[in-house]
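Structure first, commentary second.
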Amino acid sequence: MLQFIVRRVIVALLVAATVMTLAFILTRLSGDLAVSIAGPNATQEDIELVRKAYGLDRPVTTQFFDWAGRAITGDLGESYFFKTRVSSLIAERMPITITLGLTGLIIALLVSLPLGILAAVRENTAFDRVVQMVALLGQAMPSFWLGLILMITFGLQLGWLPISGTGSWQHYVMPGIVLAFSAIPALTRLTRAGMIQAMGSDYIRTARAKGLSRASILLKHALRNAAIPVVAIAAVQLGFMLGGSIVIEQVFALHGVGFLAWESIGKNDFPVVQAVVLVLAVIYVALTMLADLMNAVLDPRLR
Amino acid sequence: MSTVSITSGPRRGWKSAGTWIGAVIVGIAVICAIFAPLLSPHDPFAQDLGKRLLVPFWMEGSDPAHLLGTDQLGRDYLSRLIYGCRISMLIGVTVSIVSGIIGIALGVLGGFLGGRVDDAVLFAITTRLSIPVVLVALAVVGLLGSSMTLLVITLGLLLWDRFAVVARSTTMQVRNLDFVSAAWCAGCSQTRILVREVLPNIASHLVVVGTLEIALAILLEAALSFLGLGVPPPLPSWGLMIAEAKDYMFFSPWVIVIPGIALFVLVMGINLLGDGLRDAFGTQRTDT
């Protein structure tokens with residue numbers, strides 16, 4: 001077990017280091033950073049000043065190790081536009097993104113667990129086919145478009161929910177639903193498949209033979225086993241959701257980390273862009289590692 | 001990545017209505033994409049400020065010359081929709097080709113050679129999955145300027161993971177089969193075995209992944225164009241059409257409903273076809 005944990009942690013660290021390098025390379029793609037920062041009307045002198053001020057006259061490798069060394073200690077540099085610490089900018093915006101991600105995940109689980117279980121119990125019935133159809137439709141739905149349609153319907157025509165901003169919990173309902181849509185198909189299919197597999201196994205037959213009630217068999221025996229992959233995928237989906245929330249944050253004007261990244265891309269604010277890429281990737285790596293470790297604890301066969 | 005077998009339902013593959021619906025939708029989209037100039041009633045770029053935001057045919061006051069109305073610059077919506085289909089299909093297919101080449105090469109090598117090479121491939125897949133796709137694609141396009149070519153290369157470099165996963169696992173299944181051993185004994189080179197023995201036998205799986213990848217690329221392109229960092233205007237990408245019409249959606253919702261439904265139907269059609277092909281080939285679902 002210990003060996004498994006150590007190996008998993010080492011892989012996670014290596015992935016994080018690789019992503020760090022990629023995030024750095026990403027922001028150097030445009031060629032001369034100083035030219036972009038100085039703006040279109042800058043003279044050659046301005047550009048030289050900017051180059052000096054931001055330390056861009058040093059060799060690229062020095063810049064990288066300097067940035068990486070600081071990033072490990074939590075210092076992500078300073079934003080060119082906001083003129084504040086990137087780490088405090090991200091810390092300030094992160095609660096909104098995490099609230100959105102968790103809302104989306106909870107809604108997705110509330111929809112896909114019951115749907116998946118019922119579809120498995122009624123395998124190959126009309127209900128099962130409807131559920132699979134819904135999963136298919138969900139997969140094809142462009143999230144930003146769904147967001148706009150919800151805004152028109154529930155925000156404007158019915159007036160039930162606020163259209164944009166982050167004032168109250170109501171503000172998270174529509175974005176949460178839209179974000180959940182991206183995870184529902186995968187979670188429903190997995191729950192259904194897991195339940196079908198579990199229901200066909202020997203221990204369920206034993207439980208039936210013992211004369212246990214249907215509810216007890218379903219919820220205590222089958223669901224517990226089917227839940228293992230679902231828990232793992234839920235953690236992974238949360239990681240995807242945090243990364244993908246950038247589109248939804250923009251649609252609903254939620255000023256989370258994704259929105260910050262989108263703004264910063266438009267303003268050539270490279271320290272922020274590379275920091276957000278890094279932070280989101282590290283969160284994803286941490287979540288998948290947690291999922292793997294949790295799996296190993298729940299299911300000794302996986303170790 | 002768990003492989004879960006799907007119990008066979010009553011109607012699957014080419015016997016299922018869904019597969020045919022998907023095939024028809026994709027067929028129409030392909031025809032629209034290829035013959036866009038012939039099918040469009042108007043020039044999709046021609047502006048007519050005197051005819052702005054004309055309503056589509058099912059609403060009162062529509063102009064029979066513009067079946068789906070016009071946009072905020074008076075451009076014919078049906079023509080833009082047809083040209084938009086061309087852009088979506090073009091990007092979907094080319095991204096799928098680029099990511100397919102990368103993913104299949106990595107997956108087949110990892111699955112066939114095993115050992116260190118396979119460890120490296122697995123590591124690459126893990127790293128790729130941890131990178132937030134939309135954000136990185138936005139950043140690349142934002143830094144280098146938007147163009148179709150750049151978009152295709154960027155998405156292609158980001159979306160190879162599923163190809164790699166499926167190519168790797170299927171190659172592992174094929175590599176120890178008798179006909180591969182026979183080829184070894186016959187003195188075939190490694191390259192020849194990979195190209196002539198392994199690839200044809202995993203091709204059906206890869207076609208399925210390719211279909212689903214086209215759908216994913218189309219959705220991503222639309223999202224990026226919607227955020228203003230995908231296909232550059234005035235090209236009629238469906239995502240861009242929705243973004244441009246957003247300011248008018250509260251007064252005339254159809255301006256975003258039409259391109260959105262087109263996007264939804266096309267992606268659904270491709271997914272239906274992909275699912276149908278998977279069942280027709282008798283392959284199992286290998287994605288999560």
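Quick notes on this one:
- Scanning region A:159-177 finds no residues that are of a type in the set (A, V, I, L, M), within 14 Å of chain B (Cβ to nearest Cβ) and assigned to a helix (DSSP H, G or I).
- For A:Ala234, the test of being among the small types (Gly, Ala, Ser) and more than 10 Å from chain B (Cβ to nearest Cβ) is passed.
- Within the span defined as region B:184-204, every residue fails to be in contact with a Leu (Cβ under 6 Å, 6 or more places away or on another chain), in contact (Cβ under 8 Å) with a residue 60 or more places away in the chain and part of a helix (DSSP H, G or I).
- B:Phe264 assigned to a loop (DSSP other than H, G, I, E, B), aromatic (Phe, Trp, Tyr) and either modelled with pLDDT of 90 or more or surrounded by fewer than 24 Cβ atoms within 10 Å (Cβ to Cβ) (or both): no
- Residues in region A:50-83 that are loosely packed, with under 12 Cβ neighbours inside 10 Å and of a type in the set (S, T, N, Q): A:Thr61, A:Thr62, A:Thr73.
- The set of residues from region A:262-276 being within 8 Å of another protein chain (Cβ to nearest Cβ) and polar (S, T, N, Q) comprises just one member, A:Asn268.
- Breaking point among (1) surrounded by fewer than 18 Cβ atoms within 10 Å (Cβ to Cβ); (2) at pLDDT below 80; (3) in a helix (DSSP H, G or I), for A:Leu29: (3)
- Test for B:Ile102: is it in contact with an Asp or Glu (Cβ under 6 Å, 6 or more places away or on another chain), in a helix (DSSP H, G or I) and closer than 30 Å to A:Val9 by Cβ: no
- Pairs, first surrounded by 17 or more Cβ atoms within 10 Å (Cβ to Cβ) in region B:114-135, second acidic (Asp, Glu), C-beta under 7 Å, six or more apart: B:Ile125/B:Asp161; B:Arg128/B:Asp161; B:Leu129/B:Asp161
- With respect to (1) in contact with a Gly (Cβ under 6 Å, 6 or more places away or on another chain); (2) facing chain A (nearest Cβ under 8 Å), the lone exception for B:Trp160 is condition (2).
- Condition met for B:Val166 (of a type outside the set (S, T, N, Q), touching a residue at least 40 places away in the same chain (Cβ under 8 Å), buried (at least 23 other Cβ atoms within 10 Å of the Cβ) and within 14 Å of chain A (Cβ to nearest Cβ)): no
- If the condition is being within 17 Å of A:Leu190 (Cβ to Cβ) and either among the polar types (S, T, N, Q) or without any contact (Cβ under 8 Å) to a residue 40 or more places away in the chain (or both), then region A:112-127 contributes A:Ser112, A:Pro114, A:Leu118.
- Looking only at residues in region B:232-254 that are crowded, with 24+ Cβ neighbours inside 10 Å and outside any helix (DSSP H, G or I), the one that is nearest to the other protein chains (Cβ to nearest Cβ) is B:Ser237.
Residues are listed down the side, and each one gets a yes or a no for (1) within 14 Å of chain B (Cβ to nearest Cβ); (2) in a helix (DSSP H, G or I); (3) modelled with pLDDT of 85 or more:
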{"residue": "A:Leu100", "(1), (2), (3)": "no, yes, yes"}
{"residue": "A:Thr103", "(1), (2), (3)": "no, yes, yes"}
{"residue": "A:Leu109", "(1), (2), (3)": "no, yes, yes"}
{"residue": "A:Ser112", "(1), (2), (3)": "yes, yes, yes"}
{"residue": "A:Leu115", "(1), (2), (3)": "no, yes, yes"}
{"residue": "A:Met133", "(1), (2), (3)": "yes, yes, no"}
{"residue": "A:Gly138", "(1), (2), (3)": "yes, yes, no"}
{"residue": "A:Phe144", "(1), (2), (3)": "yes, yes, yes"}
{"residue": "A:Gly147", "(1), (2), (3)": "yes, yes, yes"}
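- Among the conditions (1) surrounded by 22 or more Cβ atoms within 10 Å (Cβ to Cβ); (2) away from chain A (no Cβ under 11 Å); (3) in contact with a Leu (Cβ under 7 Å, 6 or more places away or on another chain), B:Arg278 misses just one, which is (3).
- Yes/no for A:Phe81 being at pLDDT below 85 and touching a Ser or Thr at 6+ places or on another chain (Cβ under 9 Å): yes
- Check on B:Val152, at pLDDT below 90, out of contact with any Gly (no Cβ under 8 Å at 6 or more places or on another chain) and surrounded by 21 or more Cβ atoms within 10 Å (Cβ to Cβ): no
- Filtering region A:246-255 to residues that are of a type in the set (A, V, I, L, M) and crowded, with 22+ Cβ neighbours inside 10 Å leaves A:Ile246, A:Val247, A:Ile248, A:Val251, A:Leu254.
- When A:Asp292, A:Asp269 are checked against the criterion of being among the charged types (D, E, K, R) and farther than 30 Å from A:Gly39 by Cβ, A:Asp292 stands alone in meeting it.
- Taking the criterion of being under 19 Å from B:Asp247 (Cβ atoms) and crowded, with 21+ Cβ neighbours inside 10 Å, the only residue of region A:151-173 that qualifies is A:Met151.
- Condition met for A:Phe259 (crowded, with 24+ Cβ neighbours inside 10 Å and either free of Cβ contacts under 8 Å to residues at least 12 places away in the same chain or more than 8 Å from chain B (Cβ to nearest Cβ) (or both)): no
Conditions tested, residue by residue: (1) in contact (Cβ under 8 Å) with a residue 60 or more places away in the chain; (2) surrounded by fewer than 20 Cβ atoms within 10 Å (Cβ to Cβ); (3) not aliphatic (A, V, I, L, M).
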site	(1), (2), (3)
A:Gly200	no, yes, yes
A:Arg224	no, yes, yes
A:Gly244	yes, no, yes
A:Lys267	yes, yes, yes
A:Ile283	no, no, no
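The values are calculated or read from the model by the stated rules, or taken from the named source; none is laboratory data. Since the model is a prediction, treat every value here as computed from it, not as a measurement. Quick reminder, even Gly has a Cβ in these numbers, built from the backbone with ideal geometry, and neighbours come from all protein chains shown.
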